[in-house]
């Protein structure tokens with residue numbers, strides 16, 4: 001291996017290291033931002049789940065009676081209660 | 001805008017339409033009065049910004065619409081001993097006196113979170129007694145009927161501990177209860193249960209978040225006092241208390257609940273009120289500071305936002321819109337969109353308008369003989385539509401629909417699936433975030449599964465760089481192709497679409513307005529397939 005080739009190889013290694021070092025912190029920051037966003041989405045599931053459970057418990061169980069008059073009554077009651 | 005110098009030759013404070021320019025920034029809070037009445041308080045070092053000539057403390061945005069006319073502006077420290085400014089000032093071009101009052105003429109002030117409120121300073125003794133009795137009733141109902149440990153908190157507790165009296169400039173009372181639940185979903189479910197129990201007891205209330213209910217207490221002077229019912233809870237060792245407080249606080253600071261006297265009325269209080277006040281207001285809580293502002297941990301606020309909030313983000317701004325620019329729109333004619341919808345419907349076909357706003361179109365369609373349901377998320381808008389309908393002796397139903405709240409979406413979907421209506425939504429799409437839009441498509445799928453049409457109009461983003469539609473910040477443009485893809489993903493079919501010049505919500509010319517006619521096909525129920533054994 002000539003001196004020139006060796007120097008070029010070292011330069012490549014150094015360049016590669018620099019790129020990796022630069023990429024890492026940028027990559028971590030970007031990943032952190034994505035993680036934060038996804039965590040917030042997952043927090044929001046608390047309210048969506050509770051809303052679904054509320055509808056199921058207060059409405060759908062009673063709607064399953066299939067009594068038309070009762071279903072209308074239950075829908076009106078639910079609207080008044082939220 | 002005109003300026004008056006308070007003291008020659010070098011004024012300590014210069015008052016203008018922009019705000020108060022202070023030659024230097026005093027460290028202590030300053031109280032601003034108009035014609036001798038408390039209006040607002042600030043701390044210059046925190047609320048001001050350096051400008052040539054000193055520190056400018058801008059008027060709070062909620063005050064700006066009142067600042068048109070002459071007024072005696074006094075700026076002084078809390079004790080009133082050190083007066084920085086006390087002179088007549090002309091603001092804007094108005095020729096009357098500046099009056100910061102509500103539509104009933106009742107005086108208003110700015111509270112510590114920047115909202116307009118009625119201050120206790122201006123409340124008659126009898127009315128104050130009504131507020132305290134109402135607060136006592138709320139606390140009793142929470143403990144006896146809802147079964148939670150409730151206690152007086154915030155400004156009312158601070159006043160009670162300091163002087164046994166309400167602090168001046170406070171506008172409402174706040175109560176909290178300590179939830180035993182540690183999962184946000186359970187905490188929200190408990191808050192729903194409390195809401196139902198309080199409604200059954202006759203309270204009128206508003207839900208502000210998954211853990212915050214506002215009780216509206218009618219007072220004999222015609223206004224409504226707000227009693228906020230906040231949840232407090234613990235998740236992963238951190239204590240949270242709505243509004244936005246979070247940090248370390250032992251349960252023993254709250255339990256067992258003690259009592260405290262406020263204007264002679266005994267009320268439940270935290271076990272250690274001083275420790276609670278230090279947690280809320282910091283170690284300096286004993287020194288009065290009407291300009292106090294919370295400095296809540298950002299991480300805690302973000303968690304509370306994620307767990308409990310997100311369904312009424314723009315509610316306040318829409319309420320302001322309906323009380324301001326929206327009120328002027330009421331006198332306008334129906335939109336060309338309403339006429340377009342009417343032309344395509346059989347006579348007397350029922351229509352539900354989603355996001356009815358001021359209700360011009362809903363009322364016009366009702367007058368044309370269509371049975372109409374008008375949905376909107378703004379209470380102010382719904383009240384305005386109902387009032388106009390009564391005034392015109394038109395029958396239409398007005399219902400709440402919060403597209404970011406899944407349960408109201410499912411409820412409206414269930415109602416419309418049983419009582420089919422065509423749907424119309426003018427300039428609604430641009431007001432919604434991605435979640436709300438996706439829940440609108442869910443509502444449409446439920447409502448139109450048996451047939452019927454959805455009519456849409458929205459400001460279109462066609463890549464030509466058209467200006468933002470009005471009201472600024474509340475409505476945005478949408479790419480018609482994106483809307484089409486969303487509709488198709490939700491099982492709908494765009495029957496017709498076109499982009500032409502039209503108008504925005506305020507009636508200003510808009511070069512690219514998209515109209516769509518959309519249908520949903522009835523989902524086919526899977527036929528049972530027998531497989532050979």
Inspect all residues belonging to the stretch A:40-63 and state whether any of them is outside any helix (DSSP H, G or I), in contact with a helix residue (DSSP H, G or I) (Cβ under 7 Å, 6 or more places away or on another chain), at the interface with chain B (Cβ under 8 Å from one of its Cβ atoms) and modelled with pLDDT of 85 or more. no
Residue list for the stretch B:380-406, restricted to those being in a loop (DSSP other than H, G, I, E, B) and exposed (fewer than 15 other Cβ atoms within 10 Å of the Cβ): B:392, B:393, B:395
Has the stretch B:321-330 got at least one residue that is outside any helix (DSSP H, G or I) and free of Cβ contacts under 8 Å to residues at least 60 places away in the same chain? yes
Take residue B:220 and decide whether it is outside any strand (DSSP E or B) and in contact (Cβ under 8 Å) with a residue 24 or more places away in the chain. yes
State all residues of the stretch B:249-263 that are in contact (Cβ under 8 Å) with a residue 40 or more places away in the chain and in a loop (DSSP other than H, G, I, E, B); if no residue qualifies, say none. B:254, B:255, B:257, B:263
Take the residues in the stretch A:73-82 that are within 8 Å of another protein chain (Cβ to nearest Cβ) and assigned to a helix (DSSP H, G or I), then tell me which one is surrounded by the most Cβ atoms within 10 Å (Cβ to Cβ). A:78
So which of B:126, B:164 is closer than 29 Å to residue B:285 by Cα, in the same structural domain as residue B:276 (by TED's automatic domain parsing) and modelled with pLDDT under 90? B:126
Evaluate the stretch B:320-328: report whether one residue or more is more than 30 Å from residue B:47 (Cα to Cα) and over 20 Å from the mean Cα position of the chain (by Cα). yes
Within the stretch B:369-384, restricting attention to residues that are modelled with pLDDT of 95 or more and away from chain A (no Cβ under 14 Å), which residue is farthest from the chain's Cα centre (by Cα)? B:369
I'd like to know if the stretch B:277-287 contains one or more residues that are touching a strand residue (DSSP E or B) at 6+ places or on another chain (Cβ under 7 Å), crowded, with 16+ Cβ neighbours inside 10 Å, away from every other protein chain (no Cβ under 14 Å) and at pLDDT 90 or above. yes
Reported set for the stretch B:143-157 where residues are in contact (Cβ under 8 Å) with a residue 60 or more places away in the chain, part of a helix (DSSP H, G or I) and within 16 Å of residue B:265 (Cβ to Cβ) is B:143, B:156, B:157
Of all residues in the stretch B:158-193 being more than 21 Å from the chain's Cα centre (by Cα), within 14 Å of chain A (Cβ to nearest Cβ) and in contact (Cβ under 8 Å) with a residue 24 or more places away in the chain, which is farthest from residue A:50 (Cα to Cα)? B:179
Note on the stretch B:1-35: residues part of a loop (DSSP other than H, G, I, E, B) and either under 28 Å from the mean Cα position of the chain (by Cα) or modelled with pLDDT of 90 or more (or both) are B:16, B:17, B:18, B:23, B:29, B:35
Of the conditions (1) in a loop (DSSP other than H, G, I, E, B); (2) free of Cβ contacts under 8 Å to residues at least 40 places away in the same chain; (3) at negative phi; (4) over 32 Å from the mean Cα position of the chain (by Cα), residue B:463 satisfies every one except a single condition; which number is it? (3)
Qualifying residue in the stretch B:477-485 (condition: modelled with pLDDT of 95 or more and part of a loop (DSSP other than H, G, I, E, B)): yes
Count of the stretch B:215-225 residues which are in contact with a strand residue (DSSP E or B) (Cβ under 7 Å, 6 or more places away or on another chain) and surrounded by fewer than 16 Cβ atoms within 10 Å (Cβ to Cβ): 3
State whether the residues of the stretch B:45-57 include one that is surrounded by fewer than 19 Cβ atoms within 10 Å (Cβ to Cβ), at pLDDT below 90 and in a strand (DSSP E or B). no
Criterion first (within 14 Å of chain A (Cβ to nearest Cβ), crowded, with 22+ Cβ neighbours inside 10 Å, in contact with a strand residue (DSSP E or B) (Cβ under 9 Å, 6 or more places away or on another chain) and outside any loop (DSSP other than H, G, I, E, B)) does residue B:443 satisfy it? yes
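The values are calculated or read from the model by the stated rules, or taken from the named source; none is laboratory data. Keep in mind that this is a model prediction, so the values were computed, not measured. Note that we place each Cβ from the backbone using ideal geometry, even for glycine, and neighbour counts take in every protein chain shown.
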